[in-house]
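Taking it in order: structure first as structure tokens, then the write-up.
The values are calculated or read from the model by the stated rules, or taken from the named source; none is laboratory data. These numbers were taken from a predicted model, which means no experiment stands behind them. Backbone-built Cβ (ideal geometry, glycine too); neighbour counts: all protein chains shown. Calculation scope for accessible area: heavy atoms of the full protein, side chains included, ligands and nucleic acids excluded. Shrake-Rupley method; radii C 1.70, N 1.55, O 1.52, S 1.80 Å.
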Amino acid sequence: MTDSVDVDRWTSELEEKRDEKDRFFAEHPQSPIPPGERDGFDGLEYFPPDPDYRVSATVTVHDDPNPVTMETTAGREVRYLRVATLAFDLERDDADLEDGTFELAAYQQEGAREEALFVPFRDKTTGQQTYRGGRYMELETERGLETGDEIVVDFNLAYSPFCAYSETFDCPLPPEENWLEVAIPAGERFER
């Protein structure tokens, strides 16, 4: 963890968010879990909370964002704008896991709120411990970002898109520029 945070409080808040999401998946009419499977749904699978995967990233803002076409799980294409690049270091205690500096592109759809960033990604857990189509993070900022700003990227909040649970959803697939050559064992697990 590269910023100062109360780990016990952070863990407690993370567990509360996970419990809230499990309730939504089990009970809400808009849950991606098919109605016939909700009675047997006993919660999502998660990696244990790990503050090493809550990192500070340096932002490079793209003033004239390039459009990026992402394929979807249904074979369509959707357009996003690459509005920023997030550079971050991973330093883990586990000798089996690779350290280093990595980058992820952050996107917005045209007309989206400037403070909301969409960060789809794949890593070396994809298709094994996590959903084969990749995972997502949504980052909220308090204001528009500028080059050189620092933003917290918490992989413990990474989640599987709704299409992991039902084929009725059509989800963007992370573009190749967001395929990390490292394992990120944090956030939602998905093994089916």
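Out of the residues in the range 175-192 that are charged (D, E, K, R) and part of a loop (DSSP other than H, G, I, E, B), which is most open to solvent (accessible area, probe 1.4 Å)?
R192
Within the group G148, G111, which residue is over 16 Å from V78 (Cβ atoms), at pLDDT below 95 and either open to solvent by 10 Å² or more (accessible area, probe 1.4 Å) or part of a loop (DSSP other than H, G, I, E, B) (or both)?
Values: G111 fails: over 16 Å from V78 (Cβ atoms).
None of the other options fit; the residue is G148.
Which of the residues spanning the range 3-36 are under 22 Å from E150 (Cβ atoms), of a type in the set (A, V, I, L, M, F, W, C) and assigned to a helix (DSSP H, G or I)?
V7, W10, L14
Looking only at residues in the range 37-54 that are of a type in the set (A, V, I, L, M, F, W, C) and either assigned to a helix (DSSP H, G or I) or at pLDDT 95 or above (or both), which one is farthest from P161 (Cα to Cα)?
Looking at residues that are of a type in the set (A, V, I, L, M, F, W, C) and either assigned to a helix (DSSP H, G or I) or at pLDDT 95 or above (or both), I get F47.
Among the residues of the range 114-145 satisfying the criterion of being acidic (D, E) and in a loop (DSSP other than H, G, I, E, B), which is surrounded by the most Cβ atoms within 10 Å (Cβ to Cβ)?
Residues of the range 114-145 that are acidic (D, E), as a first pass: 114-115, 123, 138, 140, 142.
Next, only the ones that are in a loop (DSSP other than H, G, I, E, B) stay: 114-115, 123, 142.
Numbers: E114: 11, E115: 13, D123: 22, E142: 7.
The qualifying residue surrounded by the most Cβ atoms within 10 Å (Cβ to Cβ) is D123.
Just checking, how many residues over the range 151-174 are under 15 Å from F102 (Cβ atoms), assigned to a loop (DSSP other than H, G, I, E, B) and in contact (Cβ under 8 Å) with a residue 40 or more places away in the chain?
1
Can you pull out the residues in the range 151-174 that are of a type in the set (D, E, K, R) and open to solvent by 30 Å² or more (accessible area, probe 1.4 Å)?
E167, D170
Only residues in the range 1-30 that are under 23 Å from A57 (Cα atoms) count as the first member; pair them with residues that are open to solvent by less than 90 Å² (accessible area, probe 1.4 Å) and of a type in the set (D, E), Cβ under 7 angstrom, at least 6 apart or cross-chain, and list the lot.
M1/D52
Across the range 46-72, which residue is farthest from L145 (Cα to Cα) among those that are of a type in the set (S, T, N, Q) and open to solvent by less than 40 Å² (accessible area, probe 1.4 Å)?
Kept after step one, since they are of a type in the set (S, T, N, Q), are these residues of the range 46-72: 56, 58, 60, 66, 69, 72.
Next, only the ones that are open to solvent by less than 40 Å² (accessible area, probe 1.4 Å) stay: 56, 72.
Working: S56: 14, T72: 28 Å.
Here the residue is T72.
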